[in-house]
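Structure first, then comments.
The values are calculated or read from the model by the stated rules, or taken from the named source; none is laboratory data. Nothing here was measured: the structure is a model prediction, and the numbers come from that model. Cβ placement follows ideal geometry from the backbone for every residue including glycine, while neighbour counts extend to all protein chains displayed. Protein only, heavy atoms only, side chains kept; ligands, DNA and RNA dropped before computing areas. Shrake-Rupley method; radii C 1.70, N 1.55, O 1.52, S 1.80 Å.
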Amino acid sequence: MTELKHYFAPTSLDQAVECLKDGDVTILAGGTDLTPQSQAGRLKIKQTLMNIRHIPQLSGITLEGKEIRIGALTTITEIMEHPLIRERLPVLVVACDHFASDQIRNAGTIGGNICNASPAGDMLIPLLVLDACVELASMPENKIYRHCMPLSTFFVGPGKTRKSLCELVTSVRIPLPAEGHVAHFYKHGTRPALDISTISIGVAGTFRDGTLSNVRVAFGAVAPTPVRASQTEQALEGQRLDEATIEKIAQIARDEVKPIDDVRATAWYRKEMIHNITKRILSHVAQA
């Protein structure tokens, strides 16, 4: 077992990304995933533990041009209560309300939820259908380099992302939704607000004259990563949401996912839930 040798609490982004050049660093933010995983032996703390809680550049929710920027250290509670999020991105408020307990929401961060990369991560599905991207910072030489990566390409496996060891997630950026934009999120579990989801679904698009365009559909807990449902999106694009179309789309969604059996549900049950909840969400959109 690697023995912790250094504890570092940077107060600036420069200090943090400079520390990451070494590569042998574990990042601590809210600790709601890191602490239980390390105690259970599923994650080993590296030789340096870096606490990023004191870096002001990683906090806050701001409107920047045509994007909403949510700092990586922003807690789930802060997102749920922020007036800009409630007005422009209400689907995130719904997801926050189904995120664990009050205590976890008060400590858990959006950056941590993204980097944990759970196939059942509660915030990941609504972020996917909102076309969010992850902002990453590194210091390859003596200057900070930033770039954004679409969340749809960020995840590569359970607990694994395309973020390199020398990069730090600094924020998530979400384009402002266009007029007529609708977005829905549903999480199914034994106790949806406290348990890991059995399945989760996000649907978004522009709804005009009974049809959806610019469609985004994402599923959680049915694959090794949160996934965009490309077949379902293509079948739904530009379609009028009548009863027959909704049933057809729900069947396509059910057949697109390839879940597994585990302690929370069978693959068959997950596929049926995808069918039923997709149908429910689309019916709700059509009646709104």
* **Counted charge near residue 17, where neighbours are those whose Cβ lies closer than 12 Å (Asp, Glu -1; Lys, Arg +1)** => -2
* Helix 243-256 sits at what angle to the longest principal axis of the chain, using alpha carbons and giving 0 to 90 degrees rounded to 10? -> 40 degrees
* Using only Cα atoms, tell me the angle between helix 267-287 and the longest principal axis of the chain; keep it within 0 to 90° and round to the nearest 10. => 70 degrees
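Over all distinct alpha-carbon pairs, what is the Kirkwood Rh of the range 1-74 in angstrom?
After inverting the pairwise mean of 1/r, the radius is 13.6 Å.
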* **Label point distance in nm, residue 284-residue 44, each placed 7 Å from Cα along Cα→Cβ** => 4.4 nm
* Could you give the nm distance between label points at residue 208 and residue 234, where each point is 7 Å from its Cα heading toward the beta carbon? -> 2.5 nm
* Given a 1.4 Å probe, how much area per residue of the range 1-107 is accessible, in Å²? -> 53 Å²
* Summing -39500 (n - 2.57) over the DSSP H runs of n ≥ 4 in the chain and dividing by its residue number, what mean residue ellipticity at 222 nm do you reach, to the nearest 500 deg cm²/dmol? -> -9500 deg cm²/dmol
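Rounded to the nearest 0.05, what FRET efficiency do residue 160 and residue 9 have when you use their Cβ-Cβ distance and R0 = 41 Å? Present the calculation step by step, with values, prior to reporting the outcome.
Working: r = 27 Å, r/R0 = 0.65.
Plugging the Cβ-Cβ distance into 1/(1 + (r/R0)^6) gives 0.95.
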* Within straight cross-link reach of residue 187, meaning Cα distance under 24 Å, which lysines are found once same-chain residues fewer than 8 apart are removed? -> 160, 248, 258, 271, 279
* Structure fact -> When the chain is treated as a Gaussian network with springs between alpha carbons less than 10 Å apart, the largest mean-square fluctuation among 128, 73, 20 is found at 20
* To do: Take the solvent-accessible surface of the protein heavy atoms, probe 1.4 Å, and return the percent of it on the chain that carbon and sulfur atoms account for.
  => 51 percent
* Asked: Can you list the lysines whose alpha carbon sits under 16 Å from that of residue 163, skipping same-chain ones fewer than 8 residues off?
  -> 21
* Structure fact -> Rounded to the nearest 10 Å², the accessible area of residue 105 using a 1.4 Å probe with every protein chain kept is 20 Å²
* Go ahead and set up a Gaussian network model of the chain, Cα springs under 10 Å, then flag whichever of 172, 94, 263 fluctuates most. => 263
* Any chance you could run the full-extension gain for residue 87 through residue 102? It's 0.36 nm times the residue separation minus the Cα-Cα distance, nm to one decimal. => 3.2 nm
